[in-house]
Amino acid sequence: MLIAVLSGFVLAVAAPWVRQYTGRYSGWVIGLLPAGLTAYFASHIPLIAAGETLRVVHPWVPGLDIQLSFYMDGLSLLFALLISGIGTFIFIYAGSYMNKRPDLGRFYVYLLMFMASMLGLVLADNLIALFVFWELTSVSSYLLIGIDHKSETARKSALQALLVTAGGGLALLAGFILLAAAGGSFEISELLSRGDVVREHGLYLGILILVLIGCFTKSAQVPFHFWLPSAMAAPTPVSAYLHSATMVKAGVFLLARLFPVLSGTLVWSVVVPLFGAATMLTGIILAMRQTDLKLILAYTTVAALGTLTLMLGIGTELAVKAAIVFLVVHSLYKGALFLVAGSVDHGTGTRDITVLGGHAKALPITFAAAALAGLSMAGIPPLLGFLGKEMLYEAAAHADWLFYAVLFTLAVVISGMLHVAVAAIVSLRPFIGQGQDTPVTPHEAPFAMWLGPLTLASLGLVFGLLPAMAGDALLVPAMGAVYGVPIDYQLTLWHGFNWILMLSLLTLLAGVFVYRSRERIRARLTDADPWINRGPEYGYFRALDFLNWGAQWQTRFFQNGYLGNYLRILIASTVVLVGGTFLLKDNLSLAWQSGSGMRFYEVVVAVLMLAAAILAVERPSRLSSIAALGITGYSVALIYVLFSAPDLALTQILVETLTVLLFVLIFYRLPRFQTLSPPSARRRDALFAVSMGGLVTVLMLAAMDARIAVPISEYHIAASEPLAFGRNIVNVILVDFRALDTLGEIVVLVLAAVGVYALMKLYPPKSEGQ
Amino acid sequence: MEPFLAVVVGGLFAAGLYMILRRSIVKLLIGLVLLSNAANLVIFVTAGLHRGVPPLVPEGASAPLHTVADPLPQALVLTAIVISFGVLAFAMALVHRTHAMVKTDDINDLTSTDS
């Protein structure tokens with residue numbers, strides 16, 4: 001299973017060369033991988049249908065209890081099949097659709113990465129592994145949406161998708177860690193049986209909120225729905241893939257995956273379906289407002305995701321069944337319709353439904369695919385969509401509370417009605433009736449471009465006619481995996497004459513009515529534009545602006561180009577942070593007492609040193625300041641002499657002499673001291689300097705008592721003569737024990753010398769005007 | 001003696017920082033010297049002070065006969081003294097060149113890369 005997941009990443013590396021060598025057949029060649037994966041996953045159907053599960057574990061970060069483990073049950077198998085199966089057609093389609101584009105190779109790389117990440121996501125058993133794949137899908141979809149990197153819209157949409165989904169991903173990570181803490185394991189397969197423990201745990205509410213944020217951002221639920229239509233900037237095959245089987249389904253997948261762990265509480269049953277219903281209605285109503293085929297489809301995806309969330313939120317057995325069936329229904333028709341939109345665009349040069357019309361003759365096969373998919377979307381028998389819709393109605397009507405049952409039945413019926421209208425708009429309108437002239441003379445799409453949509457749309461029909469075929473092997477095990485206990489269920493198309501069928505008929509009639517008055521509805525909705533424009537997307541842009549403004553403000557504040565400002569910030573933060581720690585930690589003692597006592601002459605030297613330093617600071621003339629500086633330096637040398645450091649004293653005296661000489665030599669070329677700052681600034685700086693000096697004193701006193709181990713110098717003292725044959729231990733340390741340090745020191749000196757020489761001697765040739 | 005010297009070193013630090021905070025570019029150099037002296041003393045003093053016991057091995061012996069001052073901080077400080085001299089020489093040359101090129105000694109005039 002590891003190989004199956006990772007093969008996409010491996011092929012991604014080679015994809016540009018495959019594209020180069022196979023030319024216009026590249027889509028078919030690369031499509032072999034997802035096709036093979038489909039076969040591989042399909043070979044597991046009998047096993048899973050028999051109620052077994054499969055788990056493969058590879059060690060990853062054993063120290064943190066993180067494994068690269070994969071888990072296959074009904075749910076993950078269903079998703080894996082959708083991803084690889086639809087992926088096959090997407091690759092074949094893209095190879096033809098984007099054949100002329102020079103960046104097709106790069107496109108394959110991203111799309112393969114994306115497919116592999118998605119497979120990893122649905123098959124992962126470890127929460128951390130799942131999170132990694134989750135973020136990989138965000139990153140690769142960012143690359144896919146922004147593939148036209150020269151277009152500003154594409155870049156903006158890509159960034160928007162990334163910020164929203166990766167931002168939610170962060171919440172998800174936190175949620176996962178809490179979940180693992182509450183459930184005692186990072187493995188989903190173990191958590192699935194510990195739902196009771198997690199739900200009773202004090203962290204449950206936090207876990208639920210964080211996980212829901214992650215799922216809702218990924219699956220474009222209100223109020224995060226805006227990124228999905230923007231992501232239409234991607235090429236059509238990407239949209240088809242993103243919307244039908246991958247990416248946006250990831251959030252729903254996770255909701256379903258964790259359903260046995262998190263669902264069943266009051267919070268879940270109250271909150272989750274409300275978000276779902278709101279998203280469903282928002283999506284389908286906004287879809288009515290659009291005129292671009294792809295945008296219409298994008299908003300219906302939002303609606304479909306809302307429907308799925310609603311069903312999982314209701315959480316009854318009926319609702320779970322409906323969710324799984326509708327998931328497959330939607331994947332099939334949405335994948336087909338997006339590809340149809342691409343073919344229409346390709347064949348006519350436009351996607352505007354107010355222009356398109358009457359192209360059934362020119363694009364017969366595409367029309368067939370569109371019609372089949374559209375019928376499924378509208379929920380007309382004998383397609384699988386009909387079955388899906390019936391189950392949705394039934395589940396909504398049997399929600400736990402009467403109030404919710406009424407509310408949600410109403411919501412799904414309204415949504416179903418609008419779905420009928422939208423299905424007619426996208427799958428009939430371009431092909432029948434009268435249209436205007438299109439930029440390109442209408443022509444049918446090539447084989448590679450109608451194979452996918454036709455197959456996917458036909459599957460909707462086949463599964464509708466023979467529901468047991470898909471049901472027993474695939475759907476029922478998936479339902480069981482979500483619901484937590486095996487479900488024994490027989491899918492049938494015909495549920496008999498009951499009031500749900502009446503509701504379906506009503507929906508259909510109302511849908512036709514809505515379709516006929518679509519122009520008026522669109523005009524009404526366009527009137528509401530100012531109100532819609534103030535929606536969540538507006539908030540997103542405002543938040544982004546605020547972030548930029550904040551970044552600029554803090555950059556101007558902290559890095560305004562004045563050296564003094566930088567230093568004061570450094571000093572202040574050091575004093576506050578380090579000093580604050582001192583105040584908060586009370587077990588630090590200051591060594592005010594010390595064993596060595598005080599001698600009169602030592603005190604004199606120390607006082608002299610400090611007095612000279614103060615003189616050096618406040619003398620107004622350069623020469624006296626340098627003289628005072630010299631006194632400080634020699635006093636330091638004296639301290640070294642008094643306290644057993646003859647080598648230091650020697651070096652200090654030499655260096656101090658050189659320093660003073662250097663100062664005297666160079667200073668007469670430099671300007672005289674000037675008093676540039678006003679007194680208030682000087683007082684402020686003095687305050688900063690003195691507080692930092694005080695902190696250093698305190699640190700020294702604290703450090704003196706802080707030794708906790710035997711100093712390494714005891715080894716140096718003992719080994720100096722026997723090992724290094726030297727009797728001056730300091731010298732031995734410098735040239736022997738720590739010789740590399742000394743080498744570094746010499747390098748620094750050489751560099752400084754080169755720098756000084758360059759600064760003093762080399763002048764650039766004088767340019768004009770100087 | 002250590003606590004007393006700790007206070008003195010704190011004073012040196014304050015003096016050095018005050019000079020570095022000045023706008024006159026020449027005073028910055030003086031601050032640099034004061035700061036390096038202070039930093040060296042921090043290492044030297046915190047390691048503990050001992051009188052009259054330099055870290056030397058007497059002739060004929062394989063180790064010092066009595067406790068000696070800790071040689072490691074001394075080695076570190078020795079390196080630091082030399083390096084700070086290198087840094088100072090470079091800083092002086094830089095200041096000199098800067099002054100020659102841009103004709104100002106106010107650091108606040110040096111806020112952009114173009115004069």
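When you look at the Cβ of every residue in A:712-719, what mean number of other chain Cβ atoms sits within 10 Å? Mind showing how you got there, number by number?
Values: counts 2, 10, 3, 1, 5, 10, 4, 2.
Per residue, the number of nearby Cβ atoms from other chains is 5 on average.
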Checklist entry - Projected area of chain B, taken from the Cα convex hull and averaged over every viewing direction, in nm²? => result 9.3 nm²
Checklist outcome for this item: Under a 1.4 Å probe, counting only protein heavy atoms, A:ILE746 has an accessible area in Å², nearest 10, of 90 Å²
Checklist entry - Cα axis of helix B:2-20 to longest principal axis of chain B: angle in degrees, 0 to 90, nearest 10? => result 20 degrees
Next on the checklist: Please give the Cα centre distance for the range A:1-71 versus the range A:117-178, rounded to the nearest Å.
Outcome noted: 19 Å
Checklist entry - Counting only other chains, what is the mean number of Cβ atoms within 10 angstrom of the Cβ of each residue in peptide A:647-656? => result 5
Checklist entry - Over chain A, what is the mean sequence separation of C-alpha contacts under 8 Å (at least six apart), divided by residue count, expressed as relative contact order in percent? => result 10 percent
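If you take the square roots of the eigenvalues of the alpha-carbon gyration tensor of the range A:263-527 and sort them as a ≥ b ≥ c, do you get rounded (a/c under 1.5), prolate (a/b over b/c) or oblate? Please report the intermediate quantities before stating the final value.
On the way: a/c = 2.13, a/b = 1.52, b/c = 1.40.
It is prolate, given that a/c is not under 1.5 and a/b is the larger ratio.
The range A:569-654: which chymotrypsin sites (Phe, Trp or Tyr not before Pro) are DSSP loop and have at most 11 other beta-carbon atoms within 10 angstrom? Write down the numbers at each step before the final one.
Numbers: sites: A:PHE582, A:TRP592, A:PHE600, A:TYR601, A:TYR634, A:TYR640, A:PHE643; in loops: A:TRP592, A:PHE643.
Here the sparse-neighbourhood loop sites are A:TRP592.
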Next on the checklist: Over chain B, what is the relative contact order in percent, taking alpha-carbon pairs closer than 8 angstrom and at least six residues apart?
Outcome noted: 27 percent
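Apply the a/c threshold of 1.5 to the C-alpha gyration tensor of the range A:1-115 and tell me whether it is rounded, prolate or oblate. Display every interim value, and only then the final one.
Working: a/c = 3.18, a/b = 1.67, b/c = 1.91.
Oblate is the answer for the range A:1-115, as a/c is 1.5 or above yet b/c matches or exceeds a/b.
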Next on the checklist: For the range A:466-485 and the range B:11-81, what is the centre-to-centre distance using only Cα atoms, to the nearest Å?
Outcome noted: 78 Å
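Give the ranking of A:HIS243, A:HIS201 by solvent-accessible surface, highest area first, calculated with a 1.4 Å probe. Please report the intermediate quantities before stating the final value.
Numbers: A:HIS243 0, A:HIS201 70 Å².
Largest accessible area first, the residues go A:HIS201, A:HIS243.
Please give the calculated 222 nm ellipticity per residue for the protein assembly as shown, where each DSSP H segment of at least 4 residues contributes -39500 (n - 2.57) and the sum is spread over every residue; nearest 500 deg cm²/dmol?
Numbers: 38 runs with 632 residues, N = 885.
Taken over the protein assembly as shown, the calculation gives -24000 deg cm²/dmol.
List the equivalent ellipsoid semi-axes of the range A:476-591 in whole Å, largest first, each obtained as the square root of 5λ for an eigenvalue λ of the Cα gyration tensor. Show your work: numbers first, answer last.
Numbers: eigenvalues 844, 211, 20 Å².
They are 65, 32, 10 Å, listed largest first.
What do you reckon, how do A:THR153, A:THR22, A:THR279 stack up by accessible area (1.4 Å probe), largest on top? Present the calculation step by step, with values, prior to reporting the outcome.
Values: A:THR153 95, A:THR22 40, A:THR279 0 Å².
Per-residue accessible area, sorted high to low, gives A:THR153, A:THR22, A:THR279.
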Checklist entry - Just for the Cα atoms in the range A:209-352, what are the lengths along the principal axes, largest first, rounded to whole Å? => result 52, 25, 22
Item to check | Accessible surface, 1.4 Å probe, highest first, among residues A:HIS58, B:HIS66, A:HIS44 | outcome: B:HIS66, A:HIS58, A:HIS44
Next on the checklist: Can you give me the C-alpha center-to-center distance between the range A:254-322 and the range A:209-226, rounded to a whole angstrom?
Outcome noted: 11 Å
Item to check | Cα pair distances of the range A:599-674 binned at 10 Å [whole percent] | outcome: 20, 44, 27, 8, 0
Checklist entry - Which lysines does B:LYS103 reach when only Cα atoms under 25 Å apart count, and residues fewer than 8 places away in its own chain are ignored? => result A:LYS761, A:LYS766, B:LYS27
Item to check | Amide H within-cut-off set for B:ALA69, under 5 Å, with H built and near neighbours excluded | outcome: B:VAL53
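Tally Lys/Arg at +1 and Asp/Glu at -1 over every other residue whose Cβ is under 13 Å from the Cβ of A:GLY51; what's the total?
On the way: positive: none; negative: A:GLU52, A:ASP73, A:ASP472, A:ASP488.
For residues surrounding A:GLY51, the net value is -4.
Do any chymotrypsin sites (Phe, Trp or Tyr not before Pro) in the range A:648-739 lie in a loop, going by DSSP, with at most 15 other beta-carbon atoms within 10 Å of their beta carbon, and if so which? Walk me through the intermediate numbers first.
Details: sites: A:PHE663, A:PHE667, A:TYR668, A:PHE673, A:PHE688, A:TYR715, A:PHE725, A:PHE737; in loops: A:TYR668, A:PHE673, A:PHE725.
Loop-located and lightly packed - A:TYR668, A:PHE725.
Within the set of other residues whose C-beta is less than 12 Å from the C-beta of A:THR316, count the net charge using Lys and Arg as +1 and Asp and Glu as -1.
Values: positive: A:LYS321; negative: A:GLU317, A:GLU394, A:ASP400.
Taking every other residue near A:THR316 into account, the sum is -2.
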Checklist outcome for this item: Mean projected area (nm²) from the convex hull of Cα positions in the range A:544-697 is 14.6 nm²
Checklist entry - Which value in Å is the Kirkwood Rh of chain A over different Cα pairs? => result 31.4 Å
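Shielding by partners for B:55-68, please: the mean number of other protein chain Cβ atoms within 10 Å of each residue's Cβ. It would help to have the intermediate numbers written out before the result.
Details: counts 15, 10, 10, 2, 1, 2, 2, 7, 7, 6, 0, 0, 1, 4.
Mean inter-chain Cβ contacts per residue within 10 Å come to 5.
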Checklist entry - What's the Kirkwood radius of the range A:278-397 in Å, using all Cα pairs? => result 14.9 Å
Checklist outcome for this item: Taking Cα atoms only, helix B:25-46 is inclined relative to the longest principal axis of chain B by an angle, in degrees rounded to 10, of 20 degrees
Item to check | the range A:543-597 - Kirkwood radius from inverse mean 1/r over Cα pairs (Å) | outcome: 14.7 Å
Item to check | Too-long pairs where the Cα-Cα distance tops 25 Å, listed order kept, from A:LYS294/A:LYS361; A:LYS150/A:LYS361; A:LYS100/A:LYS150; A:LYS156/A:LYS294; A:LYS150/A:LYS294 | outcome: A:LYS150/A:LYS361
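The values are calculated or read from the model by the stated rules, or taken from the named source; none is laboratory data. Nothing here was measured: the structure is a model prediction, and the numbers come from that model. Note that each Cβ is placed from the backbone with ideal geometry, even for glycine, and that neighbours are counted across all protein chains shown. Just the protein is used for accessible areas: all its heavy atoms, side chains included, with ligands, DNA and RNA removed. Shrake-Rupley method; radii C 1.70, N 1.55, O 1.52, S 1.80 Å.
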